[in-house]
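Structure in C-alpha cells, see below.
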Amino acid sequence: MASDNVPLNGEGPALELRDVEVVYERRGRERVRAVAGASLTVERGQIVGLVGESGCGKSSLARASVGLVPAAGGSVLFESREVTPLTRRARPRELARLQMVFQNPYSSLNPRRRIGSQLADALDVLDLAAPRERRARVEELLDLVGLPASAAARYPHQFSGGQRQRIAVARALAADPSVLVLDEPLASLDASAQAQVANLLVDLSRRLSLSLLLISHDLAIVRHVADVVSVMYLGVMVETGPARSLWSLPLHPYTEALIGAVPHPDGSGFLPEALPGEVPDPAHPPAACRFHPRCPYAFDRCSKETPVTLAIESERTVACWLQAGGSPPARPGERPQPLPLLHAEE
Ligand code: SF4
C-alpha cells in the first residue's frame, strides 16, 4: 500500500509523545490533570502496549496523540515532525496516516449504511481512490482484515462483534496509515474474538510495517501482542520495557501488582490482594509518588519526593525510589534487587 499523502521520513520513531498533558474542567470549576506529563515512543513497525487501570489516563493520552483532545502541554511528534497543536480540522491530510480505532465498533459504524459505502467514504474523504478503483480497493481492505468481498453489501448489524471490529480496522486502513492508535479495541469482544482480532493486529503490523499503540487494561492480551509495554498510573508513566522482560521481572510495584492480578488459566498465580484500593481521583492526586498510598513497599521518601524516571538496562525505564537505591522495602526479600542504573532521565 503506497501512499502519496505525506513524504515518509525514514528517520526516527513513528510516534513520540513527550511530556504530554491533558487537562479537563470538571463541573466548570475544577481542573483535572488526566495526563500529567507522560512520554512514550513507538518505533517504526513496533507494537507498544499501554496498560493501566481504568481512570489512569491512558485513553486521554491516546486521544491527545491523534488530536481528538487538545494537549495542554508537551508535544506529539509524528514521523519525527512536531504536530502539536494538533487538530484534524487543521491538518486532515497530514494526520490521515495517524489513525485511531475505538473500543465499540458498533457505535463507530453507521448502522444504516452498507459496509462497502462506509469504506468507500473513507477513501473519498482523502481522495485516495479514483471512482473506478474504489470497489477493488474496498475488497482489498476487506481481504486485509479477513472478510470476504461479499461483506461490502451487508450492514453492521449483520456481523458479529469481532467482525465489526475488523471492519473498523479496515476503515482505518483505508487512509493507508503508518500508525494505528487502538483504544481498548478488544474490550467489548468475547474471548475467542479477542484472540482472533489480536492475532490480526499482529499480522497487519508485520505485513504492512504498521506501528501500533495498543491501549488496554488487559495485561494478558498486551503481553501476547506487544513488543514493548508502558505502564501508566494516575496520569504518569511509571515503567516501560520490552514485554518479555517487564513481565518476567517487573521493576515498579504497580507493574508487579498488575501482573499479580492477572488470573492464570489454570487458576495458579492469581494474587487477589495484589492491587488494593482504587485509583485516586486525578483532581486530587497523592503527593510525590502517586502510587504511595497503595504501595506495599512505600517508605519515607515516597510521600515527600516525586520519583525521577531512571533508565535501567538498555531499554527499560522506571519511576520508583526503590530502583534508585532507596531505603529497604517494607517487606524485605520480596522485591528483586535494584538493577544496574544507567542514568536519570531529564
Ligand atoms: Fe512504592 Fe515508593 Fe516506588 Fe512509589 S517510589 S512505587 S511508593 S516504593
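The values are calculated or read from the model by the stated rules, or taken from the named source; none is laboratory data. What you are looking at is a predicted structure, and each value in this text was computed from that prediction instead of being measured. Reconstructed Cβ throughout: ideal geometry from the backbone, glycine too, with neighbour counts over all protein chains shown. Accessible surface areas use protein heavy atoms only, side chains included; no ligands, DNA or RNA. Shrake-Rupley method; radii C 1.70, N 1.55, O 1.52, S 1.80 Å.
Measuring from a point 7 Å past the Cα of residue 75 along Cα-to-C-beta, which residues in region 26-42 have an amide N at less than 17 Å?
Hits in region 26-42 for residue 75 at 17 Å: 37-42.
How large is the Kirkwood hydrodynamic radius of region 170-265, in angstrom, based on all distinct alpha carbon pairs?
14.4 Å
Next up: Note down the net charge around residue 130, summing +1 for each Lys or Arg and -1 for each Asp or Glu among other residues with Cβ under 12 Å from its Cβ.
Its environment carries a net charge of +1.
Right, next: Taking square-rooted eigenvalues a ≥ b ≥ c of the alpha carbon gyration tensor, is region 145-222 rounded, prolate or oblate, where a/c under 1.5 means rounded and, failing that, a/b exceeding b/c means prolate?
oblate
For residue 75, what charge total do you get from the other residues with a beta carbon under 14 Å from its beta carbon, if Lys and Arg give +1 and Asp and Glu give -1?
Combined, the nearby Lys, Arg, Asp and Glu give -3.
Additional query: For 207, 112, 26, write out the residues from largest to smallest accessible area, computed with a 1.4 angstrom probe and no ligands counted.
112, 207, 26
Now, a different point. Given points 7 Å out from each Cα along the Cα-Cβ axis, report the residue 306 to residue 281 separation in nanometres with one decimal.
Simple spin-label model gives 2.1 nm for this pair.
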